[in-house]
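Taking it in order: structure first as structure tokens, then the write-up.
The values are calculated or read from the model by the stated rules, or taken from the named source; none is laboratory data. Predicted model only: the values in this text are computed from it and were never measured. Here the Cβ positions follow ideal geometry from the backbone for every residue, glycine too, while neighbour counts run over all protein chains shown.
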Amino acid sequence: MKRRLLRISLKCHSWLGLYLSCITLVWLLEMAFLPGMYTPEPLPAPGARIDTSSVKALLVALRDVMPPGSALTPGSVVYSPSALTYTVHDRQRFISIVISENGELLSAGQDTEALINDKYALGWIHPLLGSALSLPFKPAFIILVLTGLPLFFAARRRKKKACSILPGLAQGDAFIFQGASSLPVLRRLAALGLLPGVRAVLLRRPSKGPLIIQAGNTRVAVSRRIAAAFIFERVGELS
Amino acid sequence: MSYAAEPIPPAGLAEGLQQLEQERKLAMQTSGALPEKLTIAVAGQPNTGKSTIFNKLTGMRQRVGNWPGKTVERKEGSIILGGRTFTFVDLPGSYALTAASLEEEVAREYLLSGEPDLVLAVINAAALESGLFFVAELLLLGLPLVVALNMVDVAEAEGRSVDAHVLADRLGVPVVPLVGTKADGIIPLKEVLTALGCEDLRPQPALVRLPPPTQAEERLALLTAKAALPFPDRWAACKLLERDAAVTGLLERRLPAGLWKSMREVLAAFPDGARQIYTRRFAWIHETTKAAVQRGSRRKSRTDAWDNVLLHPFWGRCIAYLVIPLGLVLGVILGMLSGGMVLQLAMESAPAIKAAWPGMIGSLLGSAIVPALGWITALLAIIAAVYAVFHFLEDTGYLARVSYLMDARLGRLGVDGKSAIPLLMGMLCNTVAIAGSRIVNSRRQRLIVLSMLPFLPCSGQTAVALMFAFALFPLHQALSVVVCVTLVNILLAGISGRIINRFLPSPEASGLVMELPLYHKPNFKTILEGVRTRVLVFLRGAAGNILCCLILVWAVSYFPDGDITTSYLYRFGRWLEPVGVYFGFDWRFIVAIVSSFFAKETTAGTLAVLFSVTTPDKEAILTAIRGAITPQGALAFIVLSNLYIPCLATISVLRNELGGWKITGLLLAVMFLVALLAAAATYAVASAVL
């Protein structure tokens, strides 16, 4: 049960980590490129006078000061008491216009935050795609934490295996090769220069995947399963 | 397996001629006269520069074919040196002669056939130990031998200096140090070949020093000597102790029962016989290298420095996942830039041709032959460029690292990292990849790889998908479409591999055992030669199919009245048209898909033929194609084209490798069904979403 939980945790951790890394990478790239892809239409210059007596009057005045050929479809007007400003957001064209309380147009430009929020996770290809990819983002973090806990505690409890099998040796350790588990494997190794009696060095020992052994000047990649069945004699680490 | 040295009555003309040739050679050897024509087998392990030396020796005078009854490529070439004709036969690269793979089997059969007068063994001076293992195997065969000690410069860069004279003295055969990549690198070898005497061609040269035999070998050799076998006794003894299945089976069938029983008793008495042989051989190799190799200060190897980056568990994989697709894309772009221009010219000239020769001749030239030549040129350019990139990566030694990096991932499909190479080749050409699957050691893994390969889109399919995507979709969507469809192909290939892995019996102890060659500068001549071979194979095979297919498509779309709306093709297409409703395209697209059975590259050409019969020029053809299909239908078409059953050439090679029509037919039926379902699903989903 415990092993199964660890195996499931490891798998979830790997895949969710990969998903989160990819989405984050895509998001970073989109932050760089999306503003360039959605350039806003001409906007009113700062300094224009806007009637701020009411929200309706504000919107009408704003429409009047828009340059010819540009349209505005305001989605919301937000008042900031601390900054004493009104901010008009157009979510369709990703524009935000900031107007001071006394009616002066302070700035008008691309609403990058809204653009990124709307189009990230490949939403610029299709909204459905963006939604599908971004939906699991927050739940993924929660699952990552939950699956990470058993892995963390299991790693602390795991003891180092005795160096009785080749994958248990450290990178750089030398050994004398004596034999292999089966004759076909021994034949293949012999043809590559790994003969009984040869002094070899464990060049690379990644956390998973094949090992790399150097015998003479020949480097041989050997799967962990085959390497675990090697018969060898350790001769200590290389200086 | 045949060992032609035995005096048996000739079964046919070929065997009779072979026997006469052997008698002639024997007569010449005993008379002291050197033959006017000599056949030299060029043997060696992979990554020893054997191909470079062979290409340098034979130049453009090579003939490429297949070994009889096998799907292994055979290359031979002749030159005249010192008034004699030397014919070099390039044997497949093999690590030993135990017939663990088809290449080793082919090499061994040829060496024992009696045809070669001499063996030229190419070994890598930088990896002398494994080369001497191979030389020991050759010495046991008793054949006249010359050793080409190649890559001497690489050995020196690694801090090792090999004394060829000492090595020649220890082995008892001529040893020629070479740097095969240099312009005049093989002159010493040519000098040695020119100076060959009769004594050098005598079987089992007296001076040869073999590794000392073990007790088991001696006892078995005594028994094999009684059997008067057509190959050396000690070699047969070694193979028996190594449990070589082919030799064991052969001896069991041919030997008298009593003699075979004695041999089995010896084998039972020495269960560890093979290990003892290898221990003796190691001692022999160790003494030889100790005498012949001088080690300088061990400089930090460039290979180590490069491997620190390229084999990094994270960055190494990132680089591999970037380099391979980018390499393929680069090849496609280079090909499109060169061959694409010729294709454009061919398409633009079609209306002028039809105007100059009105009627059937003009239609045949303008609608079939000239476009076919344009398509062939474009595809040739793409295939040549992609293969150049692939050979470049292989020649530098990087491709083996890709296999290493992919081993962990591919393990989930039940195959090891070596399978990465034929799977990558499948993205170039399925036919070549299926033949290349022989490097996969076990039959089980080979079956898995063979079931995956047809799902992978070859360069022809990718080229067709790219052409259609750019023609039918806006620019910023076209590449995404092709990438997504290719990913679907790869996913289906993975699923196929997993299913086959589940249903096949549990694997025997197998896993990756593979040499990682040292990095070295690529030899562009070798790369060009490799590309030239692939291009020739394409011209001989697929190119002819494309031309014939387009002519056939033209003919059935022209006859009987010269009007497409009353042609045989129209009637066939209309009959199939109800099927097209599920995919969103009309009978012309269905016919184009069906024609891809002959060669994938014909799909686009067939459509161009069908649309060009009523429209004058290239732009009009493209406009007509765009007008005849919706974006949803175009997407379904690309999916169907990519997943459709492989071309005729691939099917025939697949059948050879799978060993029968039953399993091949089953695989093709599944592919066909999957292609139709995937295309229909794509059309349905795209219609709902877009």
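Structure notes:
- Among the residues of segment B:307-338, those identified as among the hydrophobic types (A, V, I, L, M, F, W, C) and within 12 Å of chain A (Cβ to nearest Cβ) are B:LEU310, B:LEU311, B:PHE314, B:CYS318.
- Looking across segment A:48-77, the residues that are more than 43 Å from the chain's Cα centre (by Cα) and surrounded by fewer than 12 Cβ atoms within 10 Å (Cβ to Cβ) come down to A:SER53, A:SER54, A:LYS56, A:ASP64, A:PRO68.
- Scanning segment B:255-282 for residues that are more than 17 Å from B:ARG234 (Cβ to Cβ), within 14 Å of chain A (Cβ to nearest Cβ) and surrounded by 15 or more Cβ atoms within 10 Å (Cβ to Cβ) yields a total of 2.
- Among the residues of segment A:188-202, not a single one is at the interface with chain B (Cβ under 7 Å from one of its Cβ atoms) and under 18 Å from B:ASP307 (Cα atoms).
- Which numbered condition B:CYS548 fails, given (1) farther than 15 Å from B:SER596 by Cα; (2) part of a helix (DSSP H, G or I): (1)
- Restricting segment B:642-690 to residues that are of a type in the set (S, T, N, Q) and within 17 Å of B:LEU491 (Cα to Cα), the residue that is farthest from the chain's Cα centre (by Cα): B:THR682
- Wholly within segment A:77-179, strands (runs of 3 or more DSSP E) carrying at least 1 residues that are charged (D, E, K, R) and either without any contact (Cβ under 8 Å) to a residue 40 or more places away in the chain or touching a Phe, Trp or Tyr at 6+ places or on another chain (Cβ under 8 Å) (or both): A:85-90
- Of the residues making up segment A:1-36, those that are over 18 Å from the mean Cα position of the chain (by Cα) and closer than 20 Å to A:ASP111 by Cα number 3.
- Exactly one residue among A:GLY172, A:GLY123, A:GLY179 is in contact with a Gly (Cβ under 9 Å, 6 or more places away or on another chain) and modelled with pLDDT of 85 or more, and that residue is A:GLY123.
- Cβ-Cβ distances below 9 Å connect the following pairs, each with a first residue in segment B:482-494 that is touching a residue at least 12 places away in the same chain (Cβ under 8 Å), a second residue that is among the hydroxyl-bearing types (Ser, Thr, Tyr) and part of a helix (DSSP H, G or I), and a separation of six or more residues or different chains: B:VAL482/B:THR462; B:VAL485/B:SER641; B:VAL485/B:THR682; B:THR486/B:THR462; B:VAL488/B:THR682; B:ALA493/B:SER451.
- Where B:PHE133 falls short, out of the listed (1) more than 9 Å from every other protein chain (Cβ to nearest Cβ); (2) crowded, with 21+ Cβ neighbours inside 10 Å; (3) out of contact with any Pro (no Cβ under 6 Å at 6 or more places or on another chain): (1)
- Counted residues, segment B:446-500 - those being more than 30 Å from B:ALA100 (Cβ to Cβ), outside any helix (DSSP H, G or I) and within 19 Å of the chain's Cα centre (by Cα): 1
- Checking each residue in segment B:381-423 for being away from chain A (no Cβ under 12 Å) and more than 16 Å from the chain's Cα centre (by Cα) picks out B:ALA381, B:ILE382, B:ALA385, B:THR396, B:TYR398, B:LEU413, B:GLY414.
- Filter result for A:ALA45 (over 30 Å from A:ALA121 (Cα atoms) and surrounded by 15 or more Cβ atoms within 10 Å (Cβ to Cβ)): no
- For segment B:211-222, the set of residues classified as surrounded by 15 or more Cβ atoms within 10 Å (Cβ to Cβ) and assigned to a loop (DSSP other than H, G, I, E, B) consists of B:PRO211, B:PRO213, B:THR214, listed by residue number.
- Near pairs, Cβ below 8 angstrom, 6+ apart or cross-chain, from segment B:101-128 (within 13 Å of another protein chain (Cβ to nearest Cβ)) to any residue that is in a loop (DSSP other than H, G, I, E, B) and among the acidic types (Asp, Glu): B:ALA126/B:GLU158
- Residue in segment B:498-512 that is buried (at least 21 other Cβ atoms within 10 Å of the Cβ), touching a residue at least 40 places away in the same chain (Cβ under 8 Å), in contact with a Lys or Arg (Cβ under 7 Å, 6 or more places away or on another chain) and within 12 Å of chain A (Cβ to nearest Cβ) present: yes
- Screening segment A:204-226 for residues that are hydrophobic (A, V, I, L, M, F, W, C) and modelled with pLDDT of 90 or more and picking the one that is surrounded by the fewest Cβ atoms within 10 Å (Cβ to Cβ) gives A:ILE212.
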